[in-house]
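The values are calculated or read from the model by the stated rules, or taken from the named source; none is laboratory data. Being a predicted model, the structure only gives us computed values, none of them experimental. Every residue, glycine among them, receives a Cβ derived from its backbone with ideal geometry; neighbour counts consider all protein chains shown.
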Amino acid sequence: MAEPSNHKSLTDPEYRDQTQTPPWLFAAFNFMYQYDLDAAATHKSAHCNRYFTPEDDALSIDWSETLAEIDKPTVWLNPPFSNIYPWFLHCLEQQKKGVLTTMFVPHENRAKWWPAGYPVKITDIVGYWQEVPIKSKVGGTRKVWRSGGIRFVNAKTGIENKCELNKPMCLIEFNPDYLGQETQYSSIQKSVLLDLGHGELNKVKKAS
């Protein structure tokens, strides 16, 4: 498993803002939130039956109206990382209208859009220790540190990138129930998401 790095992105610039969330990761978060809409997708990458593409211009749409028939709508958002700020503002607006959005973004706490001080929950995806077999006659196991980094799916090739994104990732939850509260902070080990996500994908595979 790749280790964190500060490598320069090797993704074709034309597709850099269209990198796709790994299916196992979306499956894990979908288990937790049961999403009704993918707000920043392409026809190939959409994770929900309802989704907006760049042609739809999701930032000009009132998501609460699109999901008006749903009592407590939830939205998945993996926005273009080159311009997160307007998406952040839209999430805040929709939060006040009763829409719960989770925004999957790099942990950029120096950025203009970083939501410290806002009524949101920030969950960092962190690394973990893993027991692995010792390849020797003695046997047994040893602990190995695994990165919490995420390898995205290349929009051009459809294949998961070999390298992790060179920044840690987090999920920012704009929950209407948090309005009037302080910013909340938490973390989740990547191993938990891996187990949950692959478990959900296996259920779908067996059912099909």
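I'm checking my understanding of the structure. Among residues of segment 150-198 that are among the small types (G, A, S) and in contact with a Gly (Cβ under 9 Å, 6 or more places away or on another chain), which one is surrounded by the most Cβ atoms within 10 Å (Cβ to Cβ)?
S191
Go through segment 123-141 residue by residue and tally those that are farther than 17 Å from V192 by Cβ, surrounded by 10 or more Cβ atoms within 10 Å (Cβ to Cβ) and of a type outside the set (S, T, Y).
Going through segment 123-141 one residue at a time, the tally reaches 2.
Specify the residue that is farthest from V105 (Cα to Cα); the eligible residues are those in segment 162-193 that are more than 14 Å from the chain's Cα centre (by Cα) and modelled with pLDDT under 95.
K162
Consider S147 against the criteria (1) polar (S, T, N, Q); (2) in contact with a strand residue (DSSP E or B) (Cβ under 8 Å, 6 or more places away or on another chain); (3) surrounded by 11 or more Cβ atoms within 10 Å (Cβ to Cβ): it satisfies all of them except one. Which criterion is unmet?
Looking at each condition in turn, S147 falls short on (2).
Quick check on my filter: what residues within segment 120-142 are without any contact (Cβ under 8 Å) to a residue 24 or more places away in the chain and assigned to a strand (DSSP E or B)?
Listed by number, the residues that qualify are W129, E131, V132, P133, T141, R142.
Go through segment 49-64 and give me each residue that's assigned to a loop (DSSP other than H, G, I, E, B) and crowded, with 18+ Cβ neighbours inside 10 Å.
Result: F52, single match.
Please verify whether G148 is more than 22 Å from A41 (Cα to Cα), part of a loop (DSSP other than H, G, I, E, B) and at pLDDT below 95, treating the condition exactly as stated.
No, not satisfied.
Identify the residue in segment 37-54 that is in contact (Cβ under 8 Å) with a residue 12 or more places away in the chain and within 15 Å of the chain's Cα centre (by Cα) and, among all such residues, is nearest to G197 (Cα to Cα).
H47
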